[in-house]
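S.K.: First the structure, then my questions, so here it is.
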Amino acid sequence: MNLLAVEKPARYMGGEMGSIRKDVAELRFALAFPDVYEVGMSHLGLRILYHVLNGVDGIAAERVFAPWPDMEEQLRGAGDSLATLESGTPLANCDIIGFTLQYELSYTNIVNMLRLAGIPLLAGERTDIFPLVIAGGPCAYNPEPLAPFLDAVLLGDGEEAVLEIARAVMDGKKGKESKAQLLERLAAIEGVYVPSLFEPEYHPDGTISAINPLKPGHSRVRRRFLADLDSAPYPSVPVVPFMKTVHDRVAVEIARGCTRGCRFCQAGYIYRPLRERSQDTILKLVDEALQATGYDEVSLLSLSTGDYSCVAPLLSELMSRYAEARVAVSLPSLRVGTLTEGLIEEIKKVRKTGFTLAPEAGSDRMRRVINKGISEDDLIAGAASIYNAGWRLIKLYFMIGLPGETVEDVTQISTLARKVKDQAKSAGAGGDVNVAVSTFVPKAHTPFQWEPQISKQETLDLQYQLHCDLKKRKLRFKWQDASLSLMEGVFARGDRRLAPVLIRAVELGCRFDGWGDHFSLERWQQAFSDCGIQPEWYLRRRELSEILPWEHLDCGVTREFLLAERERAISEAATEDCRNGKCTDCGVCDFKQITTRLSVKSDLQPRSKVPDIEQQPARVRLRFAKNGTMRYLSHLELITVFTRAVSRGGVPILFSQGFHPHPRFSFGTATSVGVESRAEYMDMFIAAGTSAADVQVRLNTVLPEGLSILESIEVDVKAPSISTLIDATRYRIYLDSIPVDQLVDLCVRFLAHDTFVIQRTKKGDVQEVDLRRETVSLGTDGQALELVAKRGKPLEFARAISGNDMLKGEDIRIEKLEVIFAQ
């Protein structure tokens with residue numbers, strides 16, 4: 001399989017810095033993320049489990065992601081099966097495949113990944129014991145639409161449970177247990193749900209009449225809790241992707257759980273109780289991760305980072321500690337109520353884009369209904385502070401379709417957004433407001449799990465109302481596609497009868513449904529129709545007496561508490577955050593092991609500042625090789641690799657001046673993707689005092705396999721740039737489709753031309769290149785073409801010499817042997 005035939009080869013290369021390959025393992029555990037690589041590699045849970053599992057001898061955790069349609073076509077065309085990145089092990093040969101259930105609209109990717117692996121889709125049809133197909137993540141709290149595909153599901157925190165699952169499977173393998181025995185063993189682990197041990201029954205009207213446990217005394221499954229986040233394992237040496245990912249930075253989880261009690265928010269209920277890491281632990285993790293990755297940004301993650309008990313001193317220390325290293329610190333989740341003047345001042349030192357706030361609802365009344373805990377006055381005051389601090393863009397997030405919402409509540413969205421924008425005038429400067437609106441989707445284990453979801457048409461009507469209102473007020477508007485919201489709602493509260501719909505949808509071509517340009521409502525409508533399912537039925541109001549599909553799954557929060565919160569929503573009554581001292585009796589805590597754990601404020605010992613001494617520059621010229629899978633790196637990806645490597649290797653790189661400083665290095669020429677090379681050149685400006693040989697050693701210590709520095713010399717800092725010195729390049733080109741005994745004739749024929757002009761189109765401009773005049777020499781060694789050329793891409797020469805204009809990069813093999821410099 002040739003990676004040149006796909007859009008982004010780096011998705012499938014593997015071998016990244018920080019990745020772990022174990023050729024021999026007692027248990028091979030495939031961590032499967034049902035979305036594209038750059039999304040999955042940004043997922044914190046995947047990174048944590050990869051770290052935890054690979055920390056145990058005998059267990060190999062490997063990654064696999066949903067292949068983009070171009071790679072799926074490649075796999076099917078070649079008859080290959082989906083395999084892991086680390087060792088290329090086909091999924092069917094793994095012991096466990098663990099899917100992340102992050103988003104309902106990725107479910108078709110799960111089914112498709114099983115198909116591409118050649119694994120029977122339904123758990124009941126998998127006669128082989130292995131691989132076991134398991135899952136976990138936020139959507140695991142109602143996994144019923146996927147239950148027929150899954151052998152087991154983990155509810156709750158995975159750091160400890162995933163090792164217990166792995167060891168149980170290892171013990172089962174040693175004991176040569178049957179699949180039924182192994183599933184019984186897994187079901188005994190706290191937090192593990194085995195769907196085949198429960199059987200739902202239905203009333204004639206389609207509602208559930210009973211969920212029958214098939215194992216005596218096993219009627220409910222309670223989620224798994226990680227008692228102490230501070231002592232939990234965390235990846236301080238994460239995998240560093242070659243390509244840009246959605247969250248391309250060091251990410252440190254500073255807290256898990258939230259007790260604000262927003263009634264629409266599933267995460268606020270399923271991740272309780274609140275557990276914070278200590279400041280010392282966070283600083284240690286940040287230090288280690290920055291050193292190991294070479295990133296220049298740190299993100300402090302939690303459901304509400306601004307609520308972290310010690311956020312101000314922690315942020316101040318991080319800003320101070322990494323100012324000289326030009327490391328930015330970001331807080332991606334902030335509430336209006338946590339925006340103190342001091343916090344805004346710290347954030348503004350690094351934030352260069354818009355400031356995001358989430359009022360969720362347009363009116364104070366609706367914010368009381370959802371227990372948001374902020375008023376319009378709070379929001380306006382926060383916006384004024386933000387504009388006064390120098391921001392020019394505020395992004396506001398709202399929902400429509402919330403329980404009890406009226407047309408007037410929706411109208412208040414545009415009114416409030418305009419008031420926010422008006423605060424920019426008060427700050428004496430212009431300001432913009434972007435309004436983003438999504439449709440409320442009721443989720444399991446929340447006080448609104450019984451409420452109806454508005455229809456697609458109601459969503460469209462409200463979106464049109466907002467479009468008109470916001471346009472009058474000269475505000476930008478973004479909205480979520482109504483069809484996507486409908487599909488999310490169907491599967492969020494769906495049951496096992498939706499499994500055949502998923503199979504049919506995949507057969508019809510549904511993939512990557514969360515990506516708007518890949519989603520097809522028509523295919524989904526056909527799938528529902530073929531299976532005799534009315535999707536709108538799943539959006540209906542649920543009776544309080546009704547058995548819900550997830551009734552046998554216990555997230556820790558009691559049904560009684562959720563019902564009480566629903567009543568408080570109707571009466572617009574507030575529920576206090578229990579971190580302030582008053583227990584709300586939600587049912588999660590036992591106040592022994594499972595309880596709220598807050599970070600204790602302590603005096604941080606600031607690092608002594610290094611005197612700011614002007615550094616004298618030195619210039620090092622490097623020649624490096626790019627072989628194996630590294631030949632698939634694009635030029636931009638290569639720049640990213642070296643940016644990370646100089647930091648990881650402790651190379652004292654100098655930076656450019658200006659608002660966005662960059663490391664001062666430059667490459668000779670951009671070699672085409674797919675070309676192997678032992679003649680890549682780059683110049684690097686470093687602080688004087690480090691030898692060229694030392695730079696070579698430091699980089700070779702941290703560069704991934706396939707990239708290596710072959711030669712390093714010091715050159716004058718005022719010497720011309722390396723790209724101006726290149727005169728010609730020598731290549732070896734293998735044309736596998738042409739018999740080697742014809743190569744001489746092809747060379748003679750091409751050299752007989754006086755000119756050979758081709759045209760390129762670049763950014764709309766047509767350029768002409770005379771390949772014959774750019775040719776310095778051309779011959780053959782009996783196996784391949786030997787070409788020395790000035791300008792021109794080797795693929796262009798291969799087409800011209802062979803006479804085949806249809807040649808593609810995957811049809812030939814190119815080696816860049818030497819760069820010839822002007823005398």
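The values are calculated or read from the model by the stated rules, or taken from the named source; none is laboratory data. This is a predicted model, so every value here is computed, not measured. Backbone-built Cβ (ideal geometry, glycine too); neighbour counts: all protein chains shown. Areas reflect the complete protein model, heavy atoms only, side chains present, ligands, DNA and RNA absent. Shrake-Rupley method; radii C 1.70, N 1.55, O 1.52, S 1.80 Å.
S.K.: Out of the trypsin sites (Lys or Arg not before Pro) in the stretch 733-823, which ones are loop residues according to DSSP with at most 15 other C-beta atoms within 10 Å? Could the numbers behind the result be given before it?
M.R.: On the way: sites: ARG749, ARG760, LYS762, LYS763, ARG772, ARG773, LYS790, ARG791, ARG799, LYS808, ARG813, LYS816; in loops: LYS763, LYS790, ARG791, LYS808.
Counting only loop positions with at most 15 other Cβ atoms within 10 Å, the trypsin sites (Lys or Arg not before Pro) in the stretch 733-823 are LYS763, LYS790, ARG791, LYS808.
S.K.: For the stretch 731-823, what does the equivalent ellipsoid look like in terms of its semi-axes, each the square root of 5 times an eigenvalue of the Cα gyration tensor, given largest first in whole Å?
M.R.: Each semi-axis is √(5λ); the values are 20, 16, 14 Å.
S.K.: Under a crude label model (7 Å from the Cα following the beta-carbon direction), how far is ALA389 from VAL600 in nanometres?
M.R.: Simple spin-label model gives 3.0 nm for this pair.
S.K.: Quick check: pseudo-label points 7 Å beyond the Cα along Cα→Cβ at ASN93 and THR415, how many nm apart are they?
M.R.: Here the answer is 6.6 nm between the modelled labels.
S.K.: Next question. Expressed as a whole percentage, what fraction of the accessible surface of the chain belongs to carbon and sulfur atoms when a 1.4 Å probe is rolled over the protein heavy atoms?
M.R.: 50
S.K.: Helix 521-530 against the longest principal axis of the chain: what's the angle in degrees, Cα atoms only, rounded to the nearest 10?
M.R.: Rounded to the nearest ten degrees, it is 60.
S.K.: Quick check: Cα centre of the stretch 384-454 to Cα centre of the stretch 751-823, how many Å?
M.R.: If you average the Cα positions of each part, the centres end up 57 Å apart.
S.K.: Related question: Stretch VAL407-LYS763 to full length: gain in nm at 0.36 nm per residue minus the Cα-Cα span?
M.R.: 123.4 nm
S.K.: Work out, step by step, the length gained on full extension between ASP80 and ASP128: first 0.36 nm times the residue separation, then minus their alpha carbon distance; give nm to one decimal. Each step should come with its number before you reach the end.
M.R.: Values: separation 48, 0.36 × 48 = 17.28 nm, distance 2.05 nm.
Contour length minus the Cα-Cα distance gives 15.2 nm.
S.K.: How high is the FRET efficiency from LYS348 to CYS583, r the C-beta distance, R0 35 Å, rounded to 0.05? Each step should come with its number before you reach the end.
M.R.: Values: r = 37 Å, r/R0 = 1.06.
Step by step, r from the Cβ atoms, then E = 0.40.
S.K.: Cα gyration tensor of the stretch 483-636, axes a ≥ b ≥ c as square roots of the eigenvalues: rounded (a/c below 1.5), prolate (a/b > b/c) or oblate?
M.R.: oblate
S.K.: In debye, nearest 20, what is the charge dipole magnitude of the chain about its Cα centre with +1 on Lys and Arg Cβ and -1 on Asp and Glu Cβ, if you could check?
M.R.: 1440
S.K.: While we're here: Net charge around GLY628, counting only other residues with Cβ within less than 11 Å of its Cβ (Lys, Arg = +1; Asp, Glu = -1)?
M.R.: Result for the neighbourhood of GLY628: 0.
S.K.: Determine the calculated [θ] at 222 nm for the chain from helices alone, applying -39500 (n - 2.57) to every DSSP H run no shorter than 4 residues and normalising by the residue count; nearest 500 deg cm²/dmol.
M.R.: Mean residue ellipticity, 222 nm, calculated: -9000 deg cm²/dmol.
S.K.: Would you work out the charge dipole size for the stretch 99-222 about its Cα centre, treating the Cβ of every Lys and Arg as +1 and the Cβ of every Asp and Glu as -1, and quote it to the nearest 20 debye?
M.R.: Dipole magnitude for the stretch 99-222 comes out near 400 debye.
S.K.: Check cross-link reach from LYS215 to the lysines: straight Cα distance under 26 Å, and skip same-chain residues fewer than eight apart.
M.R.: Excluding near neighbours in sequence, the set is LYS173, LYS174, LYS176, LYS179.
S.K.: On to the next question. I'd like the orientation of helix 559-570 relative to the chain: the angle between its Cα long axis and the longest Cα principal axis, in ° from 0 to 90, rounded to 10.
M.R.: Around 90 degrees separate the two axes.
S.K.: Go ahead and run the numbers for FRET between ARG167 and TYR734, Cβ-Cβ distance against an R0 of 56 Å, rounding to 0.05.
M.R.: 0.70
S.K.: Separation between the GLU551 and ALA573 pseudo-spin-labels, each 7 Å from Cα along Cα→Cβ, expressed in nm?
M.R.: That separation, rounded to one decimal, is 2.7 nm.
S.K.: Taking the highest mean first, how do the peptides 201-208, 245-252, 694-701 order by number of other beta carbon atoms within 10 angstrom per residue? Intermediate results must be reported in sequence, preceding the final value.
M.R.: Values: 201-208: 11.8, 245-252: 19.2, 694-701: 17.8.
So the peptides 201-208, 245-252, 694-701, ranked by packing, come out 245-252, 694-701, 201-208.
S.K.: Continuing with this model, one more query. Once you wrap a convex hull around the alpha carbon atoms of the stretch 138-255, what is its projected area averaged over all directions, in nm²?
M.R.: If you wrap the Cα atoms of the stretch 138-255 in a convex hull and average its projections, you get 11.3 nm².
S.K.: Can you give the angle from 0 to 90° between the axis of helix 44-54 and the longest principal axis of the chain, with both taken from C-alpha atoms, to the nearest 10?
M.R.: The two axes meet at around 70 degrees.
S.K.: Calculate I(q)/I(0) for the stretch 541-597 by the Debye formula, one identical point scatterer on each C-alpha and no solvent, and give its log10 at q = 0.12, 0.20, 0.22, 0.23 Å⁻¹ to two decimals.
M.R.: Debye output, listed in q order: -0.37, -0.90, -1.02, -1.06.
S.K.: Here's something else I'd like to know. Considering the options LEU150, GLN181, ILE119, tell which one lies farthest towards the positive end of the dipole of the stretch 104-198, charges being +1 on Lys and Arg and -1 on Asp and Glu at the Cβ, about the Cα centre.
M.R.: Projecting each Cα onto the dipole axis, the largest value belongs to ILE119.
S.K.: What accessible surface, in Å², does a 1.4 Å probe find on ARG277, ignoring ligands, DNA and RNA and rounding to the nearest 10?
M.R.: Result for ARG277: roughly 0 Å² accessible.
S.K.: Further, regarding this structure: Under the Kirkwood approximation applied to all pairs of distinct alpha-carbon atoms, what is the hydrodynamic radius of the stretch 212-346 in Å?
M.R.: 16.7 Å is the Kirkwood radius here.
S.K.: Here's a follow-up. With respect to the cross-link table entries LYS421/LYS472; LYS22/LYS244; LYS626/LYS790, which display a Cα-Cα separation exceeding 24 Å?
M.R.: Listed pairs above 24 Å: LYS22/LYS244.
S.K.: What area, in nm² and to one decimal, does the C-alpha convex hull of the stretch 496-586 cast on average over all directions?
M.R.: Reported value for the Cα convex hull: 9.1 nm².
S.K.: If you keep only loop residues by DSSP, which trypsin sites (Lys or Arg not before Pro) in the stretch 548-599 have at most 15 other Cβ atoms within 10 Å of their Cβ?
M.R.: LYS582, LYS592
S.K.: So, one more: For the stretch 324-431, with the dipole built from +1 on Lys and Arg beta-carbon atoms and -1 on Asp and Glu ones, taken about the Cα centre, which of SER385, GLY373, THR411 lies farthest toward the positive end?
M.R.: The one lying farthest along the dipole's positive direction is SER385.
S.K.: Considering the options LEU817, PRO739, ALA752, tell which one lies farthest towards the positive end of the dipole of the stretch 717-823, charges being +1 on Lys and Arg and -1 on Asp and Glu at the Cβ, about the Cα centre.
M.R.: Most positive-ward Cα: LEU817.
S.K.: When Lys and Arg each count +1 and Asp and Glu each count -1, what net charge do the other residues less than 10 Å away from ALA728, Cβ to Cβ, add up to?
M.R.: Net charge around ALA728: 0.
S.K.: What shape does the stretch 1-136 have by the C-alpha gyration tensor, where a ≥ b ≥ c are the square roots of the eigenvalues, rounded means a/c under 1.5, and otherwise prolate means a/b greater than b/c and oblate the rest? Provide the component values of the computation, followed by the final result.
M.R.: Numbers: a/c = 1.30, a/b = 1.08, b/c = 1.21.
The shape class here is rounded.
S.K.: Further, regarding this structure: Calculate, in nm to one decimal, what GLU341 and LEU636 gain on full extension: separation in residues at 0.36 nm each, minus their alpha carbon distance.
M.R.: 102.3 nm
S.K.: Compute the separation of the alpha-carbon centres of the stretch 626-704 and the stretch 1-44 and state it in Å as a whole number.
M.R.: Centre-to-centre (Cα) distance: 23 Å.
S.K.: Go ahead and run the numbers for FRET between HIS518 and ASP57, Cβ-Cβ distance against an R0 of 35 Å, rounding to 0.05.
M.R.: The calculated FRET efficiency here is 0.30.
S.K.: May I pose another question? Give the residues of the stretch 54-82 whose amide nitrogen is closer than 14 Å to a point set 7 Å from the Cα of MET1 in the direction of its Cβ.
M.R.: 63-82
S.K.: Based on the alpha-carbon gyration tensor of the chain and its eigenvalue square roots a ≥ b ≥ c, which shape applies: rounded if a/c is under 1.5, prolate if not and a/b is larger than b/c, or oblate? Can you show the working numbers first?
M.R.: On the way: a/c = 1.74, a/b = 1.41, b/c = 1.24.
Prolate shape, in that a/c is at least 1.5 and a/b is the bigger ratio.
S.K.: Roughly how many Å² is the accessible area per residue of the chain, as a whole number, for a 1.4 Å probe? Don't skip to the end; give the middle numbers.
M.R.: Working: 34770 Å² over 823 residues.
That works out to 42 Å² per residue.
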